[in-house]
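The values are calculated or read from the model by the stated rules, or taken from the named source; none is laboratory data. Predicted model, so just to flag it, every value in this text is computed and none were measured. Neighbour counts run over all protein chains shown; Cβ positions are idealised from the backbone, glycine included.
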Amino acid sequence: MKIFICAVLTVFILFKAQSAEIVETVVANLNGRAITYSEIIQEGELINIENNIPPDTSLSPELKRKILDLVIFRIIAFQEAKEKNITVEDEEVDRKVKTYKANVYMNDFLKRYEISDLEFKTMIKMRLLGDKITEDFVKRRFQDKEATHEEITKAVLEWQKNLFKKQRLVFYSIP
C-alpha cells in the first residue's frame, strides 16, 4: 500500500512539475540563434503599443509572419551596425525610451515580460539601428535621383531579401 501511495504521489508531483514548465516554440533559427514564438508575440504587442492599440489585440497569421521577418531583420541589422561601426547616440535612445514609457500600456508590458531597463533600452537601440541602416541604404541607393515611396519600398524589400540570403536561416511553423 505504501508503494502505491508513493507511486501516486510521485506521478502527481511529476505531473505538477511538468504542467508548470513553460514550453517555448522555436519559429526560426538565424545563424544558430533561436527565434521564439514569444518573441513574435512580444514584438507584436510592442507594435500595438506604438500604434496606441491595446497590446493584447490578437495578431493575424500574416502579421505574425511579417513580425518574424522584422525580428530577423533587426537582428541582422544590429550585427551589420556592429561590423560597420554604425551607432546611434545614447541621447536619441534615451529620448525614444522616454517616449515609449509615456505610453499608457508600457508599464504593464514591461512588467508582464519582466524586461529590465537595460533590456528595454537595447530593444529600442536595435529598432533605431535598423532604421538608421535602412536610411543609409536608401541614401546610397537613391543618391542621384528622387525616388517615389513605391521605389524605395521595393528597393528596401529586395535589399532585406539579399541580407536574409546571406544568413543561415531555417523557418519552422508559427503557431
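The set of residues in the range 99-140 that are outside any helix (DSSP H, G or I) and of a type in the set (Phe, Trp, Tyr) comprises Tyr105, Tyr113. For the range 7-40, filtering for residues that are assigned to a helix (DSSP H, G or I), at pLDDT 50 or above and of a type in the set (D, E, K, R) leaves 1.
Residues of the range 81-98 that are in a loop (DSSP other than H, G, I, E, B), surrounded by 14 or more Cβ atoms within 10 Å (Cβ to Cβ) and basic (Lys, Arg): none at all.
Among the residues of the range 47-63, which ones are buried (at least 18 other Cβ atoms within 10 Å of the Cβ) and either over 19 Å from Asn103 (Cβ atoms) or free of Cβ contacts under 8 Å to residues at least 60 places away in the same chain (or both)?
Within the range 47-63, Asn48, Pro55, Leu59 qualify.
Regarding the range 47-64, can at least one residue be identified that is of a type in the set (D, E, K, R), at pLDDT below 95 and part of a loop (DSSP other than H, G, I, E, B)? There is at least one residue in the range 47-64 that is of a type in the set (D, E, K, R), at pLDDT below 95 and part of a loop (DSSP other than H, G, I, E, B). Within the span defined as the range 156-175, one or more residues are touching a Phe, Trp or Tyr at 6+ places or on another chain (Cβ under 7 Å), of a type outside the set (Asp, Glu) and in a loop (DSSP other than H, G, I, E, B).
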